[in-house]
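A quick write-up on the structure given underneath.
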Amino acid sequence: MNGFLLNENLPSSLARELGSSGARVAHVADLGLAGRPDPDVWDLAMREDLIILTKDADYLDLAVAKGGARVIHLAVGNMRTIDLLSFVAGQMKRIVEFSEGNEPLLVLRPPS
């Protein structure tokens, strides 16, 4: 299973939820990348074989323009942290399956 790189728009507490799957997880803030341009985060994810987990739709454009890194886009809008953690916990099966495959992009949306 690949590891995950949480973008700065996600709480670091999400790392614990993902870590429960046995994956290695890093947050951009822990790696000194907070506030850095998206391509810098992208490049690190490619070098370290990490899947970027983000709410930032700009990474969808990077996936098309640059390729190479893999992205899970949480298309959830503004959400309380506890609700975000619950949403991700409910999506863990899909997240793990994605991490074990080779698709470049997974978009997760809450039910409408």
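No value in this document is a laboratory result; all are computed from the given coordinates. Quick caveat: nothing in here was measured; it's all calculated off a predicted structure. So basically every Cβ, Gly included, is an ideal-geometry build from the backbone, and we count neighbours across all protein chains shown.
The separation of the range 2-32 from the range 52-95, counted between C-alpha centres, amounts to 12 Å. Three principal axis extents describe the C-alpha atoms of the range 69-112; from largest down they are 30, 18, 17 Å. The alpha-carbon atoms of the range 3-101, seen along their principal axes, cover 31, 28, 23 angstrom, with the largest extent given first. Label zone of Ile82 (point 7 Å out along Cα→Cβ, amide N under 20 Å): in the range 1-32 this covers 10-18. Label positions at Val107 and Ser12, each projected 7 Å from the Cα along the C-beta direction, are separated by 3.2 nm.
Taking the helices alone, the chain has a mean residue ellipticity at 222 nm of -11000 deg cm²/dmol, built from -39,500 (n - 2.57) per DSSP H run of at least 4 residues and averaged over all its residues.
Whole-Hz Karplus values for the range 83-94 come out as 6, 5, 4, 5, 4, 5, 4, x, 9, 4, 4, 5 Hz, taken residue by residue from phi with 6.51 cos²θ - 1.76 cosθ + 1.60 and θ = phi - 60°; glycine and proline positions read x.
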